[in-house]
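The values are calculated or read from the model by the stated rules, or taken from the named source; none is laboratory data. No experiment lies behind these values; they were computed from the predicted model shown. Methodologically, a virtual Cβ is constructed for each residue, glycine included, from the backbone with ideal geometry; neighbour enumeration extends over all protein chains shown.
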Amino acid sequence: MKLVIKEYWENLKTEYETAYKVSIFSDYNVLMQYAERFGSYLRGLMQEHPLDVDVVCALATVEQVLRHEENSIQLLEDFLETYSGELSDTDKARVYTNLAFYYNDERHIKEYDYLSVAVKLNSPYIETYRGLALYHFSSYEDNGSIEALTKSLQAFEKGISVSNDYEISYGYAVCLFELKKYEKAKTIFEQLLLKYPNRMRLLLGIAYCDVYLGNKKQALDRLKKIKLGSDVAYYLSNDEIYDFEVFNAYYVLDEYELFLEECEKAEEDCDLSGGPYYFGLWTTNQHDLFHREVDKQRTELLECIEDVKAVEDFDSEEEKQSYIQSWEDDLEALSTVVHKIKHENYKPVVELKLYPIYGCYLIDCLFHNF
């Protein structure tokens, strides 16, 4: 049935794209019209084949495209409740994984519950393990839980046994890096680089490992090869390298001239009003510029406080005072860090961070898998 369904959708796509010479996904209003036609076809199939997993999963993704995620959820949960006893473990794992995705916008507990069930069913789908790994990594990002990070690592590791694709292997290496297992992480990044030469995100990962392994020369060589922005060689928009990812590494390496040089290039795009930038200026004896930059930031904060005081349309005086207090806290933090840099030989800490590739893990996705 899967081939029949895909052929029907392909015919709809071809009908539009042949006539208008543009992708059906380029205009949501057009996509919605064709998705509704596809949905009508699938509902007819469901009447004839109510137990067919291909049909119900395709209809669920159509509902999602139409922005009716609640219908997607209801459809699949009802399907499981009605037919669970007649489905194979593989089919159930597929449905549970898709269900988890429909709950992932707010990281609902059901996302975790459904992914966990799919894993227990020995899901053969790489999407199951990618989804679970990303769920745990997000928890780690939120609260710094090493337990969550370890669970993310384990999910990526399980995924590798299912399909050793780039995103899974990269995510596994990222978890190793975050766990400070830099040698192991570097080995995986280097292995991936053999398959994907000059992929910028991999060069950055290797450079970061070298930073923390004390391989300063190698790290600098890698960093200087990195091109900012999207990775044009691989047509990637989700692998974009940002300027701060490079100049932060120079800072950690104590290469303050390079750090400041890159900061100046990024001045229009980055907020440089922070401790590391001020430290870089002070430690390179650019004291006049240091004081100008600090004074500029202090003036901006004082102006923000006065602006809030002048506003009269807050819901309450308490709300207004909370905004004022927030700016005053920033002003005090600025004075504190400036004093510590000048008088206590204080170097603000910068931690280099890597992240897995976040993206769709819906098995039956109209955008990626049809």
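If you scan the range 120-137, which residues turn out to be part of a helix (DSSP H, G or I) and buried (at least 18 other Cβ atoms within 10 Å of the Cβ)? Correct list: Ile126, Glu127, Thr128, Tyr129, Arg130, Gly131, Leu132, Ala133, Leu134, Tyr135, His136, Phe137. Residue-level check: of (1) in contact (Cβ under 8 Å) with a residue 24 or more places away in the chain; (2) part of a helix (DSSP H, G or I); (3) of a type outside the set (Val, Ile, Thr), Leu51 misses just (2). Taken together, the residues in the range 147-173 that are of a type in the set (Asp, Glu) and either buried (at least 24 other Cβ atoms within 10 Å of the Cβ) or under 13 Å from Leu132 (Cβ atoms) (or both) amount to 1. Restricting attention to the range 336-357 and to residues that are of a type outside the set (A, V, I, L, M, F, W, C) and within 30 Å of the chain's Cα centre (by Cα), the residue that is nearest to Gly159 (Cα to Cα) turns out to be Pro356. Here Ile363 does not qualify as surrounded by 14 or more Cβ atoms within 10 Å (Cβ to Cβ), closer than 30 Å to Glu63 by Cβ and touching a strand residue (DSSP E or B) at 6+ places or on another chain (Cβ under 7 Å). Of the residues making up the range 55-105, those that are among the polar types (S, T, N, Q) and part of a helix (DSSP H, G or I) are Thr61, Gln64, Asn71, Ser72, Gln74, Thr82, Ser84, Thr90, Thr97, Asn98, Asn104. Considering the conditions (1) at pLDDT 85 or above; (2) in a helix (DSSP H, G or I); (3) more than 13 Å from Leu66 (Cα to Cα), Tyr34 is excluded by exactly one of them, (3).
Can you spot a residue in the range 160-182 that is over 25 Å from Arg94 (Cα atoms) and basic (Lys, Arg)? Yes, the range 160-182 contains at least one residue that is over 25 Å from Arg94 (Cα atoms) and basic (Lys, Arg). Taking the listed residues Glu77, Glu63, the one that is in contact with a helix residue (DSSP H, G or I) (Cβ under 9 Å, 6 or more places away or on another chain), surrounded by 18 or more Cβ atoms within 10 Å (Cβ to Cβ) and either farther than 25 Å from Asn164 by Cβ or among the hydrophobic types (A, V, I, L, M, F, W, C) (or both) is Glu63, with no other qualifying.
Restricting Ser88, Ser84, Ser40 to residues that are at pLDDT 95 or above and farther than 14 Å from Leu366 by Cα narrows the list to Ser88. Here are Leu45, Leu51, Leu3: which of them is more than 17 Å from Val95 (Cα to Cα), modelled with pLDDT under 95 and surrounded by 13 or more Cβ atoms within 10 Å (Cβ to Cβ)? The match here is Leu45. Within the range 13-25, identify whether any single residue is touching a Leu at 6+ places or on another chain (Cβ under 7 Å), among the small types (Gly, Ala, Ser) and part of a helix (DSSP H, G or I), and answer yes or no. No, there is no match, as no residue in the range 13-25 is touching a Leu at 6+ places or on another chain (Cβ under 7 Å), among the small types (Gly, Ala, Ser) and part of a helix (DSSP H, G or I).
Could you say which residue among Lys340, Lys320, Lys353 is in contact (Cβ under 8 Å) with a residue 60 or more places away in the chain, farther than 30 Å from Arg94 by Cβ and surrounded by 12 or more Cβ atoms within 10 Å (Cβ to Cβ)? One residue alone meets the criteria, Lys353.
Within the set Tyr355, Tyr346, the sole residue that is among the hydroxyl-bearing types (Ser, Thr, Tyr), out of contact with any helix residue (DSSP H, G or I) (no Cβ under 6 Å at 6 or more places or on another chain) and closer than 30 Å to Asp210 by Cα turns out to be Tyr355.
Just so you know, in the range 288-335 the residues that are of a type in the set (S, T, N, Q) and more than 17 Å from Tyr277 (Cα to Cα) include one that is farthest from the chain's Cα centre (by Cα), and it is Ser316. Taking Lys180 as the residue in question, decide whether it is out of contact with any helix residue (DSSP H, G or I) (no Cβ under 6 Å at 6 or more places or on another chain) and either closer than 19 Å to Glu111 by Cβ or modelled with pLDDT of 95 or more (or both). Yes; evaluated as a whole, the condition is true for this residue. Restricting Leu31, Leu12 to those that are surrounded by 19 or more Cβ atoms within 10 Å (Cβ to Cβ) and either under 26 Å from Leu99 (Cβ atoms) or without any contact (Cβ under 8 Å) to a residue 24 or more places away in the chain (or both) reduces the list to Leu31.
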